Amino acid sequence: MVDESNEAAGAAAEQKSLRRRKRVLIPATILVVVAAIVFGYWYAYLRGYASTDDAYIDGDAVTVSAKMLGRITLLGAAEGDSVSQGQVLVRLDDSDLKAQEAQAQAGLEYVRQSVPVAKINLDRASDDFDRASYQYRNKVVTKEQFDHAAKALEAARAQYKVALSQVDASKAQLAVIETQLGNTTVTASVAGVVAKKWVVPGDIVQPGQPIFTLYDLGDLWITANFEETKLGALRPGDRVRIKVDALGGREFNGTVVLIGAAAASRFSLIPPNNASGNFTKVTQRIPVKISIENGKPHSSGARALLLPGMSVEVKVREGGK
């Protein structure tokens, strides 16, 4: 009876010890497996790479604006429209300028008619001076009469020059008005897509006020703001893997084109002043320009869906070509 009790007690102790070992071994095994998976992922996908999610698709924004004050009478495109270079996008009211043009043309014609009159007066004064000069040499007229003829010739010459100058001034004035008339028509300076329309017909715009914003969707790139601590091994020409959030993480290939010459904070409205006494060290970010290759993405047609401002994640192979 005693032996059976001892055997039962030994078996219970052994089971209890086994359960304790399992409670230790199972978590330890799980921890080792997780660590192995993490290490394998780091070794295969992160080792030798610099990555950031502070990146977006970028492009040149072209602002279409008028060079003069005016009321909009026509907008030749809407948001989302594709426009070609030289296409008429805006027309301003030109009724006042056309009236000024008619007035300037009439003034030009008037001063042109005054030129022959001034030339006739000059010729007559020249003839009078020649006769007075001859008569003065022959003692026919007095010195006073000769001087009057000379002064009249000088006055006629001056009037003729004034008439010619008035013609030039009227031509210049007319050219200014014609230039202003040309400025009432605003064309697209580049081909692209209308990303934003800022006004509507009937609005009065100021010189330089944005009317349209265009993007050339065929010339896009990635601007990635890398932490300064990750820039040591980055070089122009390094290969880049790009994931676009809007396309479900579809990947594109790219290449590092340019590493910025200054931290992004230098271009803020009020750059930080590190000379102050309350300095706090903050890791700066440097903009890196990355090209998007024209090769086909993983999904057909996805390349055409890339739009400026979309968020992306980039992973650069450090020193890799």
TODO: Quick one: which residue in R131, R137, R124, R47 is at pLDDT below 90 and under 30 Å from E313 (Cα atoms)?
DONE: R47
TODO: Within the range 191-232, count every residue that is of a type in the set (D, E, K, R) and closer than 12 Å to A61 by Cα.
DONE: 3
- [ ] Evaluate the range 219-229: report whether one residue or more is more than 30 Å from A78 (Cβ to Cβ), surrounded by fewer than 16 Cβ atoms within 10 Å (Cβ to Cβ), out of contact with any His (no Cβ under 7 Å at 6 or more places or on another chain) and among the β-branched types (V, I, T).
- [x] yes
TODO: Would you check if A246 is more than 13 Å from T52 (Cβ to Cβ), modelled with pLDDT under 75 and touching a Leu at 6+ places or on another chain (Cβ under 8 Å)?
DONE: no
Open item on the list: For the range 215-236, which positions are farther than 15 Å from T255 by Cβ and among the hydroxyl-bearing types (S, T, Y)?
Closed with: Y215, T229
Open item on the list: So if I check each of A99, A125, A163, A158, which one is over 30 Å from V194 (Cβ atoms) and touching a Ser or Thr at 6+ places or on another chain (Cβ under 8 Å)?
Closed with: A163
Task: Filter result for the condition that a residue is over 29 Å from V200 (Cβ atoms) and part of a helix (DSSP H, G or I), over A104, A99, A55, A50 - done: A104
Task: Flag for V240 being touching a residue at least 40 places away in the same chain (Cβ under 8 Å) and closer than 30 Å to L89 by Cβ - done: no
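So is G86 assigned to a loop (DSSP other than H, G, I, E, B), at pLDDT 90 or above and within 29 Å of G309 (Cα to Cα) or not? Let's see the steps before the verdict.
Numbers: assigned to a loop (DSSP other than H, G, I, E, B): yes; at pLDDT 90 or above: yes; within 29 Å of G309 (Cα to Cα): yes.
Criteria met by G86.
If you go through the range 84-96, how many residues are under 31 Å from the mean Cα position of the chain (by Cα) and farther than 30 Å from Y215 by Cα? Quick ask: steps written out before the conclusion?
First, the residues of the range 84-96 that are under 31 Å from the mean Cα position of the chain (by Cα): 84-94.
The next check asks that each one be farther than 30 Å from Y215 by Cα; those that pass are none.
Result for the range 84-96: 0.
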- [ ] Might you let me know whether the range 118-135 holds any residue that is loosely packed, with under 13 Cβ neighbours inside 10 Å, free of Cβ contacts under 8 Å to residues at least 40 places away in the same chain and hydrophobic (A, V, I, L, M, F, W, C)?
- [x] yes
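Across the range 263-296, which residue is modelled with the highest pLDDT among those that are of a type outside the set (D, E), part of a loop (DSSP other than H, G, I, E, B) and touching a strand residue (DSSP E or B) at 6+ places or on another chain (Cβ under 8 Å)? Write out each step before concluding.
Let us first name the residues in the range 263-296 that are of a type outside the set (D, E), namely 263-292, 294-296.
Those left that are additionally part of a loop (DSSP other than H, G, I, E, B): 263, 268-284, 294-296.
Checking the rest, the ones that are also touching a strand residue (DSSP E or B) at 6+ places or on another chain (Cβ under 8 Å) come to 263, 283-284, 295.
Details: A263: 82, T283: 82, Q284: 85, G295: 46.
Looking at the filtered set, the residue picked out is Q284.
Do we find a residue being among the β-branched types (V, I, T) and at pLDDT 90 or above anywhere in the range 168-178?
Scanning the range 168-178 turns up at least one residue that is among the β-branched types (V, I, T) and at pLDDT 90 or above.
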Task: Condition check for K139: exposed (fewer than 14 other Cβ atoms within 10 Å of the Cβ), outside any helix (DSSP H, G or I) and of a type in the set (K, R) - done: yes
- [ ] With the condition kept exactly as written, say whether any residue in the range 194-206 is assigned to a helix (DSSP H, G or I) and surrounded by 12 or more Cβ atoms within 10 Å (Cβ to Cβ).
- [x] no
Task: Unique residue being at positive phi and either more than 24 Å from the chain's Cα centre (by Cα) or at pLDDT below 90 (or both) when the list is G208, G202 - done: G202
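The values are calculated or read from the model by the stated rules, or taken from the named source; none is laboratory data. Just so it is clear, the structure is predicted and the values come from calculations on it, not from any experiment. Positions of Cβ are backbone-derived with ideal geometry, glycine not excepted, and every protein chain shown enters the neighbour counts.
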